[in-house]
Amino acid sequence: MKKCPFCAEEIQEEAIKCKHCSEFLDEADRSSLSRKKIQWYFRTSFIVLAVCCVGPLALPLIWWRPQTTTAWKIGLTIVILVLSWLLFQATLKSLDTLKEYYRLIETL
Ligand SMILES: [Zn+2]
């Protein structure tokens, strides 16, 4: 007999799962399970979607993501900031063009 590390109840030496609290006692199994489980907001697909929707506002997600290396974080930050700046400039330019058209229509 041994003690369950989670609920301190007596369990069988060969037990994989505690019958009292249903915790898994196999350490290797537990750690591989938790390593595979990535939070949904740190999934690459979600981050890509977030960057497309809110642009630079999604940067903290990349920085908080534990799997991303610092080099990637810096690179992605620069790329996203440059892209959003270009997009901002393009929007301003198209607004100017639109204003120009309206002015033309008014003078006709
Ligand atoms: Zn237990």
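The values are calculated or read from the model by the stated rules, or taken from the named source; none is laboratory data. Since we're looking at a predicted model, the values are computed, not measured. We place every Cβ from the backbone using ideal geometry, glycine too, and count neighbours over all the protein chains shown.
Only residues that are at pLDDT 85 or above, in a helix (DSSP H, G or I), over 19 Å from Leu83 (Cβ atoms) and among the aliphatic types (A, V, I, L, M) were counted across segment 9-67, and they come to 0.
Within segment 63-77, being without any contact (Cβ under 8 Å) to a residue 24 or more places away in the chain and exposed (fewer than 10 other Cβ atoms within 10 Å of the Cβ) holds for Thr69, Thr70, Ala71.
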